[in-house]
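Here is the structure we will look at, set down as C-alpha cells.
None of the figures in this text is laboratory data; all of them are computed from the coordinates on show. Quick caveat: nothing in here was measured; it's all calculated off a predicted structure. Positions of Cβ are generated from backbone atoms using ideal geometry, with glycine treated the same way; all protein chains shown enter the neighbour counts.
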Ligand SMILES: [Zn+2]
C-alpha cells in the first residue's frame, strides 16, 4: 500500500480506538500515524525510508522487505522497547495501533507480509489488490470517510463535556 493509505489507516485505527478509551485522542492519532509508517522502514522508497535512509538500508540488508518489521515479533519488540524507554501508555498504544493497521492493509496486497517472521510464511487475505491501483484509491477514500466520522464523534463528545 502507498504511504498515504497507511497514514489514513493509522488515523482511522487510532480514532476508532479513541471512541472506546479515555486516552487523549490527539496523542493516539499522532502516535498512530508514526506507527502506521514505521514498518516500511525496511523499504528505501517509502516515506519513512526516505526520511531515514541509513536506518532503512540497514533494516533492508538485515531482514529484507516486509519481513521482520511486518511481523508480530516486531510488534512485541516495539511494545517492550517503548515500555522501557518511554513509559507513556497512550503513545505506545497509538504506535501499536498504527503498526497493526499497517499489517492489515499490507495483508490486502498480493505480496502479503511475513507476519510470523522468522517463520517464512507469507500471510495475506484471500482477496488482494494492487498497490497504487484503483481499488486502493477506493480504500483510501473509505478510510478518509471513516476517520472523518470517528473524528466528528470525538469532537462532539468533547463539546458535550464542556
Ligand atoms: Zn508495508
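For segment 29-56, the residues whose amide N sits under 14 Å from a probe point set 7 Å from the Cα of residue 2 along the beta carbon direction are 46-47. According to the calculation over all Cα-Cα pairs in segment 86-160, the P(r) per 5 Å bin from zero is 3, 13, 14, 19, 18, 15, 10, 6, 2, 1 %.
Quick one: angle between helix 25-37 and the longest Cα principal axis of the chain, in degrees between 0 and 90, rounded to 10, please. Between helix and principal axis, roughly 10 degrees.
Taking the longest Cα principal axis of the chain as reference, the axis of helix 53-63 is set at about 60 degrees. Considering only the Cα atoms of segment 39-132, their convex hull presents on average a projected area of 6.4 nm².
Here r is the Cβ-Cβ distance between residue 62 and residue 137 and R0 is 25 Å; the resulting FRET efficiency, rounded to 0.05, is 0.15. Each part gets one Cα centre, and for segment 94-155 versus segment 17-66 those centres are 13 Å apart.
Here the translational diffusion coefficient of the chain follows from Stokes-Einstein with Rh set to the Kirkwood radius across Cα pairs; for 25 °C and 0.890 mPa s it amounts to 152 µm²/s. Taking Cα atoms only, the orientation of helix 3-20 departs from the longest principal axis of the chain by about 40 degrees.
Taking 0.36 nm per residue of separation and subtracting the Cα-Cα distance, full extension of the segment from residue 130 to residue 89 would add 11.2 nm. Listed peptides 123-131, 41-49 appear in the order 41-49, 123-131 once ranked by packing, highest mean of other Cβ atoms within 10 Å at the front.
For segment 21-88, the pair-distance distribution built from all alpha carbon pairs, in bins 5 Å wide starting at 0, is 4, 17, 20, 25, 19, 10, 4, 1, 0 percent.
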